[in-house]
Structures are given as structure tokens and as C-alpha cells.
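*Asks:* Let me give you the structure first, and then I'll get to my questions.
Every number in this text was worked out from the coordinates using simple rules, so none of it is lab data. Here the structure is a predicted model, which means the values were calculated and not measured. Neighbour counts run over all protein chains shown; Cβ positions are idealised from the backbone, glycine included.
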Amino acid sequence: MSQAAIAPELKPNSPDEPVVVFENVTIGFENKPVLNNISFTVKPGETRILLGPAGVGKSVLLKMADGLMRPDSGRIFVFGEEISAMPEEQLFALRSRIGIVFQEGALFDSLSVRNNVGYRLMEEHRPEEEIDQRVVEALRFVELEQTVDRFPSQLSGGMRRRVAIARAIITKPDLILYDSPTGGLDPITSTTIIELVMKQRDVYHTSSLLVTHRLQDAFVLASHIFNRKTNKMEPLPEGQSDPQTSFLVLNNGKLVFDGSTHDLVHSDDPFLKEYLS
Ligand SMILES: Nc1ncnc2c1ncn2[C@@H]1O[C@H](COP(=O)(O)OP(=O)(O)OP(=O)(O)O)[C@@H](O)[C@H]1O
Ligand SMILES: [Mg+2]
């Protein structure tokens, strides 16, 4: 379900067209190769969980999906447009359809919660009343309406992460990129964040690419669904997983796994077995 008005500069994409396509993408820094020949897709409504050891290139991959970094070779398409070759002005329009939750949340310390969450709308010079209303709506989604006038320093780590999610969803994006949204949080707070990711997945069917270091979070997301009536997540029956949620695993610059939860947990690959144990 598309929630955002399509920016006039961009052609509409068909409902079956993949939201993200990486085609033989390679990138490195100062002659140090990071990602080598990576190809995968994110289809409409899919959640792809990206795993891999520290420093393997997960954040770099996410930044390329938002056009913040460009590959050395290969092509990246988002909403059917080749973003790896797009001029900056056109990227700006495309980014209004992408929400990004940066690793560590990355809120502006000097701005109130209201201005952090409404930042993108302020950049678009939307009317103040519209910004106020949409900020409250986005904060309501993360159950933090009461923090609108506070500053990031007055919030707990988990609350800051929820504000970062509110900021990412305020444009009602068609794609959300989450970079380690539970990194550094305790297990209980992590679960509240994963529940929000699940709510976005199961209520709005937003496509997403989610990086996590916490396997526990990945498997909770894959094995539960969000119930709108109870406003809580619920486990799927034993052995079942959400068909729209699947995995990508990076190791040593390569994509070493691209498939379902079932195939990941039953893999015989020695690296995957060790990584998941
Ligand atoms: N702007 C940059 N300039 C130079 N090197 C970079 C840059 N960004 C990332 N790198 C390097 O690319 C590699 C991958 O970094 P990246 O941040 O994507 O790792 P990651 O998988 O997200 O790690 P973590 O799990 O710790 O978040 C690292 O070796 C990093 O030092
Ligand atoms: Mg990272």
C-alpha cells in the first residue's frame, strides 16, 4: 500500500516492481574493498533483515540505498529509478519516499523533539499547523506524544530511538531503512523498538531493510505478527515465520545468504551455523 504522494519528478512504479534492486554493487574506500558484487531485491511489503559481522559494510549498504553513498560499480534502483546515477536534486525528491533511522539514532541535540521529528517537513517548508499535526501523529505511533517539547538530552536511549523512528515515518515513506535500531539498548527496550518495526510492517505494509546485530531481535521480527486489536505483537504458531520477512547475510564483503527464515536456520553453511549459534 503506497502511503506517500509520488513526487512529481519521479515516474510512478508498478505495484509488482521491486522497491529496491542492487545489481552487482561493489564499493571500497582508499583501495580497501568493502562490498563486492552484491545483488538482491526488496519487493513491495517485504522486510529484509541484514545481518553480518561488525565492519562488514551494513551501514554502507544502507547509505547506498538512500543515495548518500554511490557504488564504485554496479547499479542501484529504488522505486524503479536508478539512484546510483541520479543528480542530487532528483535524489532529494526521491528521499521524501524513504525513511531512514541512522545507527545511534542521530537526533539533533539542539532541536526539540517536535523539530527533530518535523525536520523533513520543515525543509519542505510545509505550513506550521500541518507540521504540528503530523509530528503529533508520528509521535503517537511511537507512543511518545508527551515528549513533543522536550530535548533529546531529556530522553532515555530507548525514547531517543523511538523519536528517530517517528522522524523516519513522518513523510509516510514507501521504504524504511533501519540501521541497528536496537543497538546499545537493553533487551526489554529492544523488544519495544522491534514491536514498532513490526507495527509499521503489519499495519502499513511498508517495505523495509533492517540492519541488526541482535539475532534475538531478528528472530522476534520474523516469528511474530502485530495484532491491531490488542496493539501488541503475538507469536506465530511454532515453526512458522512471517512470509514477507527474510534475510540477507554479509560476510567478507560478499552476500553469503539471501533467503527465508527457515532456510537460514536450517543452513549447513559452516559460517552461518557458527554466526547463528
Ligand atoms: N566514509 C567512509 N570512508 C572510509 N571508510 C569507510 C567509510 N564508511 C565506512 N567505511 C569503512 O567501510 C567498512 C564498512 O563500514 P560499515 O560502517 O558499513 O560497517 P557495519 O557493517 O555497519 O559495522 P557495524 O556493525 O559496526 O555497524 C569499514 O571498514 C569502515 O571503516
Ligand atoms: Mg553500521
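Residues checked against (1) surrounded by 19 or more Cβ atoms within 10 Å (Cβ to Cβ); (2) touching a residue at least 40 places away in the same chain (Cβ under 8 Å):
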residue	(1), (2)
163	yes, yes
172	no, yes
179	yes, yes
210	yes, yes
238	no, no
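*Asks:* From the set of residues in the range 54-79 that are part of a loop (DSSP other than H, G, I, E, B) and either in contact with a His (Cβ under 9 Å, 6 or more places away or on another chain) or under 21 Å from residue 168 (Cα atoms) (or both), which is farthest from ligand 2 (Cβ to nearest atom)?
*Replies:* Within the range 54-79, the match that is farthest from ligand 2 (Cβ to nearest atom) is 79.
*Asks:* Taking the conditions exactly as written (part of a strand (DSSP E or B), under 21 Å from residue 57 (Cβ atoms) and aliphatic (A, V, I, L, M)), does residue 264 satisfy them or not?
*Replies:* Judged against the criteria, residue 264 is not a match.
*Asks:* Does the range 184-195 hold any residues that are in a loop (DSSP other than H, G, I, E, B) and crowded, with 18+ Cβ neighbours inside 10 Å, and which are they?
*Replies:* The one that is in a loop (DSSP other than H, G, I, E, B) and crowded, with 18+ Cβ neighbours inside 10 Å: 185.
*Asks:* Of the residues 94, 107, which single one is surrounded by 14 or more Cβ atoms within 10 Å (Cβ to Cβ), of a type outside the set (Lys, Arg), over 29 Å from residue 17 (Cα atoms) and more than 16 Å from ligand 2 (Cβ to nearest atom)?
*Replies:* 107
*Asks:* Looking at (1) crowded, with 22+ Cβ neighbours inside 10 Å; (2) without any contact (Cβ under 8 Å) to a residue 60 or more places away in the chain; (3) outside any loop (DSSP other than H, G, I, E, B); (4) in contact with a helix residue (DSSP H, G or I) (Cβ under 6 Å, 6 or more places away or on another chain), which one does residue 158 not meet, given that it meets all the others?
*Replies:* (1)
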